[in-house]
Amino acid sequence: NAGVTQTPKFQVLKTGQSMTLQCAQDMNHNSMYWYRQDPGMGLRLIYYSASEGTTDKGEVPNGYNVSRLNKREFSLRLESAAPSQTSVYFCASSEGRGWGGELFFGEGSRLTVL
Amino acid sequence: AQSVTQPDIHITVSEGASLELRCNYSYGATPYLFWYVQSPGQGLQLLLKYFSGDTLVQGIKGFEAEFKRSQSSFNLRKPSVHWSDAAEYFCAVGAGAGGTSYGKLTFGQGTILTVHP
C-alpha cells in the first residue's frame, strides 16, 4: 500500500553541489510529475512524463533534469544547486490519459541549499 | 493558459462553524476541477473532483464543492468544521481530453485553515 515513495525526505546542500531526488510508484500509473512547493505560490510543475520514455518541461524547468527510468521510477536531478532551489519537492503520478489528471502525491522532499 | 486564484491566504473559524473556501479558475473549455488538502509535513490528498454532470460534488471528510460556470468558481464548503480540518487547502484545474495540457494540473496558491476550539 505504498503509493508514491520519495527519497530522501530531507537534504541540505551547498551551492554548486548536485543531487538526485528519487521517486517510485507502485500503482502502475502511466504519468509521473515533479512539482515544487514554495510559500504563497502553491505547487508549480517542474517536469512531467506522460508515459515511459517521454519527458516534457513544465512551468519551472530551469536548473533541473529528469529521467524516466522505467514505468515505476522518475528521478529529478539538480546538477548545480542554487539557493533559489530551496523548496519542498513533490512527486506525483496519475493513471494518465483518460483519468482527467487526478494526481496521487508522495510525502515530499525538503531541500535546503546554503 | 489555465490559472487558479484562491483569494484567501488564511482563514480562521471556530470549531463547529461553517466553512467556505473560495476558488476562481480561468480556462477556455470545460475544466476538470479538484480540491486537495495538505496536513503539515504531508503530501496532498484529494478531497473531491468535478469532471462533468451534477455541479454539486461530494467529497471525503464531509466536504462538498459547487461548480458555477457563470462565475468561474469552484468553492469548497463544509457545514461544521472539526479541529482536525486545520490544514492547507489547494484548488486545482486540469485540462480536459484533447487539450494540450491534458493530465497536468495547475494549482492555486493555497488557503491555510486555522480552527479555534
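Listed here are the strands (runs of 3 or more DSSP E) enclosed by region B:19-73 that have at least 3 residues being buried (at least 18 other Cβ atoms within 10 Å of the Cβ): B:32-38, B:44-50. Of all the residues in region B:1-35, those that are touching a Gly at 6+ places or on another chain (Cβ under 9 Å), at pLDDT 95 or above and under 16 Å from residue B:64 (Cβ atoms) number 2.
Taking each residue of region A:28-50 that is more than 7 Å from every other protein chain (Cβ to nearest Cβ) and looking for partners that are surrounded by fewer than 21 Cβ atoms within 10 Å (Cβ to Cβ) and among the acidic types (Asp, Glu) with beta-carbon atoms closer than 6 Å, six or more apart or interchain, yields A:29/A:95; A:44/A:59. Every condition in (1) under 16 Å from residue B:77 (Cβ atoms); (2) away from chain A (no Cβ under 14 Å) holds for residue B:36 except the one numbered (2). Of all the numbered requirements in (1) part of a strand (DSSP E or B); (2) within 25 Å of residue B:9 (Cβ to Cβ); (3) of a type in the set (Val, Ile, Thr), residue A:66 misses one, and that requirement is (2). Taking region B:39-54 as the range and being more than 11 Å from chain A (Cβ to nearest Cβ) and touching a helix residue (DSSP H, G or I) at 6+ places or on another chain (Cβ under 8 Å) as the test, only B:47 passes. Name the single residue that is farthest from residue A:26 (Cα to Cα) among those in region A:83-105 being modelled with pLDDT of 95 or more, in contact with a strand residue (DSSP E or B) (Cβ under 6 Å, 6 or more places away or on another chain) and not in a strand (DSSP E or B). Within region A:83-105, the match that is farthest from residue A:26 (Cα to Cα) is A:83. Number of residues in region A:47-71 that are among the basic types (Lys, Arg) and closer than 16 Å to residue A:84 by Cα: the value is 0.
The values are calculated or read from the model by the stated rules, or taken from the named source; none is laboratory data. Treat the numbers as computed from the prediction; the structure is a model and nothing was measured. Quick reminder, even Gly has a Cβ in these numbers, built from the backbone with ideal geometry, and neighbours come from all protein chains shown.
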